[in-house]
Amino acid sequence: MKTNSIKTEFKSENKILKGILHLPQSENPPLVIGSHGLEGSKDSAKQTALAKLLPGAGIAFFRFDHRGCGESDGNFEIDTSLDTRSTDMINGLNHALSLNHTSRRFALFGSSLGGATCIETWGRLALKNITPLGMVICAAPVKSITIEKIPLNGNAHRPALPLSFFRDNLLFDISAKTASINNILIFHGDNDKTVPVENGYNIYNNAKTPKKLIIQKNGDHQMSNDKDQQDFNREAPAWFKKCFL
C-alpha cells in the first residue's frame with residue numbers, strides 16, 4: 001500500500017521541532033503521535049517501525065524530534081525534562097491535527113522516557129477535557145528513582161552529563177497518573193537493566209481496563225531480541241486498530 005510522508009516543523013515554546021507525518025491512502029485517518037526515549041530521535045527503531053506499519057493499518061503516524069534531539073532546536077542538557085517533553089508532545093499533536101490530513105481521533109505511543117511522556121501528556125490533556133483513545137508504551141519508567149542505569153558518559157550526540165542533570169531535570173513519580181489511563185498496551189522486558197520491570201507492573205495494576213501487559217522473557221531495555229521486536233510489530237498496530245474501532 002502506498003503511503004505519503006510529509007516533512008514538517010512546529011514551534012514548541014521558543015524551539016523549532018522537526019517531524020514527519022506518515023499518512024495512509026485512506027482519507028481522514030485516525031492519528032498516533034510518538035515520543036522517543038531520552039537519547040533517541042524520530043529515527044529510533046520503534047518510531048521507524050510504526051511509520052511503516054501503521055499506515056498499512058489505515059492509521060496516520062506523526063514522529064518528531066524533541067527539543068535538543070535529532071534535527072530539532074535546543075540544548076539536550078538544558079532543555080530536557082519530563083515537563084518539556086510533554087509540552088513538546090502536546091504542541092506536536094496540535095500541529096499534526098492542524099495540518100488537516102487526519103481526523104481528530106488520536107492515540108499516543110512512547111518508548112522509555114517517551115512512555116513516561118505519554119502518561120504525563122494523557123493527564124495534561126485530561127485536564128482540558130481531551131481524551132486520547134489509547135496508548136502503547138515500552139519500558140516506561142513511572143518512578144525515576146527505580147532507574148538503575150543512568151547514562152552519564154558522553155557520546156557522539158552530547159557531552160557527559162552531571163548527576164545533577166538527572167536530579168534537577170528528571171526526578172519524577174507519575175505512578176498516580178496512570179489511574180486515569182485506559183486502552184493501554186504495555187511492553188516490558190523482565191531483564192531490563194535500565195528501567196526495572198516493576199514499572200510495567202505498576203502501570204498495569206493502576207490503569208483502567210481495557211489494558212494488556214506483555215512481559216518479554218529475558219527482554220532487555222532496547223527490545224533487541226528479534227522475537228520481541230516481531231511481537232511489537234504485530235501487537236502494537238493491532239492494539240491501535242482496536243482503540244480506533
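Summary of computed values
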read-out	value
Straight-distance crosslink candidates among lysines, where the alpha carbon sits under 17 Å from K211 and sequence neighbours closer than 8 are dropped	K177, K241, K242
Solvent-accessible area of S164 with every protein chain in place, 1.4 Å probe, in Å² to the nearest 10	40 Å²
Computed over the chain, Kirkwood Rh from alpha-carbon pairs, angstrom	17.7 Å
Per-residue SASA entry for H22, accessible area with 1.4 Å probe, Å² rounded to 10	20 Å²
Loop sites in the range 161-245: trypsin sites (Lys or Arg not before Pro), DSSP, at most 16 other Cβ within 10 Å	K193, K208, K217
Total charge dipole magnitude, the range 46-204, about the Cα centre, Cβ charges on Lys, Arg, Asp, Glu only, Debye to nearest 20	440 debye
Estimated 222 nm signal from helices in the chain, with DSSP H stretches of n ≥ 4 weighted -39500 (n - 2.57), rounded to 500	-10500 deg cm²/dmol
Accessible area per residue in Å² at 1.4 Å probe, computed on the range 33-96	29 Å²
Dipole axis of the chain (+1 Lys, Arg; -1 Asp, Glu on Cβ), positive-most option in P237, G58, C118	G58
Accessible surface of S5 - all protein chains present, 1.4 Å probe, nearest 10 Å²	70 Å²
Accessible area of the chain belonging to carbon and sulfur atoms, whole % at 1.4 Å probe	49 percent
The range 1-138 - charge dipole about Cα centre, Lys and Arg +1 at Cβ, Asp and Glu -1, debye rounded to 20	500 debye
Centroid-to-centroid separation of the range 159-198 and the range 69-126 [C-alpha atoms, Å]	16 Å
Cα-based reach from K143 at 16 Å (exclusive), listing aspartates and glutamates while leaving out same-chain residues under 8 positions away	D83, E120, D168, D173, D192, E198
Relative contact order for the chain, counting Cα pairs under 8 Å that sit 6 or more residues apart, in percent	17 percent
For G68, residues with placed amide H under 5 Å, excluding near neighbours	D73, G74, N75
Dipole magnitude (debye, nearest 20) for the range 123-193, charges at Cβ of Lys, Arg, Asp, Glu	220 debye
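The values are calculated or read from the model by the stated rules, or taken from the named source; none is laboratory data. Predicted, not measured: the structure shown is a model, and the values here were computed from it. Quick reminder, even Gly has a Cβ in these numbers, built from the backbone with ideal geometry, and neighbours come from all protein chains shown. Accessible surface areas use protein heavy atoms only, side chains included; no ligands, DNA or RNA. Shrake-Rupley method; radii C 1.70, N 1.55, O 1.52, S 1.80 Å.
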